Amino acid sequence: MQAVPPAAALVELKGALRYHGTDTRRLGEMLRVRAISCLGVDVRVGIGPTVTVAATASAQLAPPGGVLAVIPEEAADWLAGLPVEALRGIGPRQAQVLHDYAIHAVGLLAACSR
């Protein structure tokens, strides 16, 4: 587990999948239910093949909480349609520069050469 201020945490759950004998979405739902029942806090759970995809999925959920699982085979297509602002680390200034170059979606950004 790694804290991500101000109010998030990254959790690696590969070992828990084997222990609980379930899939990633079900494990995310279990985590959410436990947070509600034990802490009285609803959480947003983003699940993905990388930290960036999982964090982006989590941010796409409307408060107060929910679970969004992006399977590895669909991650590129799922990200492609999102606005560039959806990527963690892209702030308003960077987004405006990208928009000035007519790059409005993550898919367009991925297609750019270095």
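The values are calculated or read from the model by the stated rules, or taken from the named source; none is laboratory data. Being a predicted model, the structure only gives us computed values, none of them experimental. Calculation scope for accessible area: heavy atoms of the full protein, side chains included, ligands and nucleic acids excluded. Shrake-Rupley method; radii C 1.70, N 1.55, O 1.52, S 1.80 Å.
Assorted remarks:
- Beta bridges per DSSP with both ends in the chain, % antiparallel, nearest 5: 50 percent
- Mean separation of Cα pairs under 8 Å and 6 or more residues apart, divided by the residue count, gives the chain a relative contact order of 16 percent.
- Accessible surface, the chain, averaged per residue in Å² (probe 1.4 Å): 70 Å²
- Using only alpha carbons, the chain has a radius of gyration to Kirkwood radius ratio (Rg to Rh) of 1.02.
- Sulfur and carbon atoms: percent of accessible area, the chain [1.4 Å]: 58 percent
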